[in-house]
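Below: one structure, written as structure tokens.
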Amino acid sequence: MPRQGDGLMCEFDDFPQSGRKRIIVPAAVGQLGTDLPDFETEALKQLASGAVLMMGDNPALPKLPAAPTLQDFFRHRLLLLGATGRHLLISAQKALEGGMDEEVVLAVLLHDIALPCLIRSDHGYWSAQMIAPYVSDKVAWAVQYHQALRYFADEPNGYPYPDNYNRFFGEDYVPPDYIRRDAEFARSHRWYMASRQVTIFDTYLFDKGPLPQLELFDDIIGRHFKTPKDGLGFDGSPVAHMWRTMIWPNNFL
């Protein structure tokens, strides 16, 4: 597996830019505030030798079908990206075993979908936006507002403030105003408990039990996730570009 910034020689004719050294350049914004090298400047220097900047399928990644489904994204992206894919399956299994309605189970299954594949910051808002055209308003709302509600305990309903947050952020961490505002709004909303259940079944950090089979959720996905005929990323929806970014995460542009 090439490291970020390494050149990648494409050896197969069915991949783009065949026969040329293809350079992966990580998103520049992710380098701000770090001591990571300036990948872009170094990559551009290599173009003089005939290398190109990567576009299209990366042979180091599993290739998605032409019309990918939600399950395809789990198998070929989410379950390959560290702990998050596992976290989503285990959390959703716990919600299912806890007797939650199917929309809540689906919200738990999808609540962090943007985190490993797109961006960490405000991942609840990003996740809600990318699934909104394909799920009910309730599911998208529950995913969006888990972002704010997870910072505020609701012990009568079974949600203490996570011990890990004290370790992650410090015991004196105070969420910003927009998070506090959205949490307050969510508390008085008719779907409050749907989003609160997402935080309750959001396992911090992370259950070591056996990994549930993705097929466990096929029926729920079939009933509550409207898979487009042309596949996620190719249906012309306002969020299709988000799914395409997950298909081709190494595109330079």
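The values are calculated or read from the model by the stated rules, or taken from the named source; none is laboratory data. Computed from a predicted model, the values in this text were never measured in an experiment. Please note: Cβ atoms are built from the backbone with ideal geometry, for glycine as well, and neighbour counts cover all protein chains shown. Note: accessible area is taken over every heavy atom of the protein model, side chains too, but ligands, DNA and RNA are not part of it. Shrake-Rupley method; radii C 1.70, N 1.55, O 1.52, S 1.80 Å.
Some points to look at:
- The numbered conditions (1) exposed (fewer than 12 other Cβ atoms within 10 Å of the Cβ); (2) more than 29 Å from Asp137 (Cα to Cα) are all true for Gln213 except (2).
- Taking every residue in the range 34-55 that is closer than 15 Å to Phe252 by Cα and pairing it with any residue that is surrounded by fewer than 12 Cβ atoms within 10 Å (Cβ to Cβ), at least 6 positions away or on another chain, the pairs with Cβ-Cβ distances below 9 Å are Asp38/Ala28; Phe39/Ala28; Glu40/Ala28; Leu53/Leu253; Met55/Leu253.
- Condition check for Arg223: in a loop (DSSP other than H, G, I, E, B) and over 24 Å from Ser121 (Cβ atoms): no
- Residues of the range 223-253 satisfying the condition of being open to solvent by 10 Å² or more (accessible area, probe 1.4 Å) and among the small types (Gly, Ala, Ser): Gly236, Ser237
- Single residue of the range 94-115 satisfying the filter (among the acidic types (Asp, Glu) and closer than 20 Å to Arg223 by Cβ) that is surrounded by the fewest Cβ atoms within 10 Å (Cβ to Cβ): Glu97
- Scanning the range 226-253 for residues that are without any contact (Cβ under 8 Å) to a residue 60 or more places away in the chain and not in a loop (DSSP other than H, G, I, E, B) yields Ala240, His241, Arg244.
- Residue in the range 77-95 that is at pLDDT 95 or above and more than 14 Å from Pro212 (Cβ to Cβ) present: no
- The criterion of at least 1 residues that are open to solvent by 40 Å² or more (accessible area, probe 1.4 Å) and modelled with pLDDT of 95 or more is met by the following helices (runs of 4 or more DSSP H) wholly inside the range 116-199: 123-131, 137-149, 177-187.
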